[in-house]
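Comments concern the structure below.
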Amino acid sequence: MEFKTENGIAVPSVTMEQMIEVDRIAVEETGPNLFQMMENAGRNLAELTIKTLGDDWRKQNIIVLAGTGGNGGGGICAARHLANRGANIKVCVTEPEKLKEVTAYQLHILKSTNAKIISIEKLQNENPDLIIDAIIGYSLTGEPRGKALELIKWTSQHLGIIISLDVPSGINSTTGEAACHFIRPDITLTLALPKTGLHPSLTGELYLADIGIPNKVYKKLKLNYQQPFNHHYYIKLRSEIS
């Protein structure tokens, strides 16, 4: 899979293993740290959500579905930015008691906003205009299970706009293989670099978000990286099967 910006700049794609190494180098050597990357991801996701909904975005019902890891933290962060701007937003977390530290801190901050945190049981009564899928992210191996699977099944029953963060939940980020149950979004906002498994039939419109990783990180991995963002913080990509 090859990815290019609307201006024709080629953007390298990475496997799950390569993205794990990108994150490791950033956290252990160069920065930014996990919280900073999560904050950048969440703010970009909030901005894309507003752009997608248009002028009446404050009147629309938005639900964020968040997992326990970094992807969920990005979704929760986006919910805060949206709530701070007056959005009608609710957040459903798969297992709040199992949140990783940085994600738990995002939920802690969210509780000081007007966003509503709802259980999976209460979710059954909701009919959102837009769903943010921040359930799993790039680290999926095998089939989704438990509460994550419940949220994926719930999403497939609704007609609202769906935006997936980084990788649609239920899709293997390296191979593009789909689980038995997966989310098919209208839009995917992938982070840092596109993933090799982001097939255009699975992602909807594809955007790439800058989360602040220095070019030095990509050079260490010998990736042919040319900064594609110009003055933007997220950009649209087109994908081509090579």
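The values are calculated or read from the model by the stated rules, or taken from the named source; none is laboratory data. As the structure is a computational prediction, the values presented were derived from the model and not from experiment. As a convention, Cβ positions derive from the backbone with ideal geometry for all residues, glycine included, and neighbour counts pool all protein chains shown.
General remarks:
- Gly160 meets each of the listed conditions (1) within 23 Å of Glu126 (Cβ to Cβ); (2) over 13 Å from the mean Cα position of the chain (by Cα); (3) at pLDDT 95 or above; (4) not hydrophobic (A, V, I, L, M, F, W, C) apart from (3).
- Close pairs (7 angstrom Cβ cut-off, 6 or more residues apart or separate chains): of a type in the set (Phe, Trp, Tyr) in region 219-242, in a loop (DSSP other than H, G, I, E, B) and surrounded by 11 or more Cβ atoms within 10 Å (Cβ to Cβ) anywhere: Tyr225/Pro12; Phe229/Asp210; Tyr233/Asp210; Tyr234/Asp210
- Residue tally, condition more than 17 Å from the chain's Cα centre (by Cα), of a type in the set (Gly, Ala, Ser) and surrounded by fewer than 18 Cβ atoms within 10 Å (Cβ to Cβ), over region 106-151: 4
- Against the test of being at pLDDT below 95 and over 22 Å from Ile50 (Cβ atoms), the options Ser242, Ser173 yield a single qualifying residue, Ser242.
- Apart from one condition, Arg85 fits all of (1) modelled with pLDDT under 95; (2) of a type outside the set (Ser, Thr, Tyr); (3) out of contact with any helix residue (DSSP H, G or I) (no Cβ under 7 Å at 6 or more places or on another chain); (4) closer than 23 Å to Leu189 by Cβ; the exception is (1).
- Residue check, Ile63 surrounded by fewer than 21 Cβ atoms within 10 Å (Cβ to Cβ), under 18 Å from the mean Cα position of the chain (by Cα), more than 30 Å from Lys220 (Cβ to Cβ) and of a type in the set (A, V, I, L, M): no
- Exactly one residue among Thr155, Thr188, Thr175 is at negative phi and assigned to a loop (DSSP other than H, G, I, E, B), and that residue is Thr175.
- In region 69-102, residue surrounded by the fewest Cβ atoms within 10 Å (Cβ to Cβ) [restricted to those that are in contact with a strand residue (DSSP E or B) (Cβ under 8 Å, 6 or more places away or on another chain) and polar (S, T, N, Q)]: Asn88
- Candidate set from region 1-23 (those that are surrounded by fewer than 19 Cβ atoms within 10 Å (Cβ to Cβ) and of a type in the set (Val, Ile, Thr)); member that is nearest to Asp210 (Cα to Cα): Thr5
- In this structure, Arg24 does not qualify as more than 23 Å from Leu149 (Cβ to Cβ), part of a helix (DSSP H, G or I), in contact (Cβ under 8 Å) with a residue 24 or more places away in the chain and not β-branched (Val, Ile, Thr).
- Against the criterion of being part of a loop (DSSP other than H, G, I, E, B) and in contact with a Lys or Arg (Cβ under 6 Å, 6 or more places away or on another chain), Ser169 does not qualify.
- Test for Ala134: is it out of contact with any Lys or Arg (no Cβ under 6 Å at 6 or more places or on another chain) and over 29 Å from Ala178 (Cβ atoms): no
- Inside region 100-114, residues that are within 22 Å of Gly137 (Cα to Cα) and of a type in the set (Gly, Ala, Ser) make up a count of 1.
- Filtering Ile135, Ile131, Ile118, Ile109 for residues that are under 15 Å from Ala66 (Cβ atoms), of a type outside the set (S, T, N, Q), in contact with a His (Cβ under 7 Å, 6 or more places away or on another chain) and at pLDDT 95 or above leaves a single hit, Ile131.
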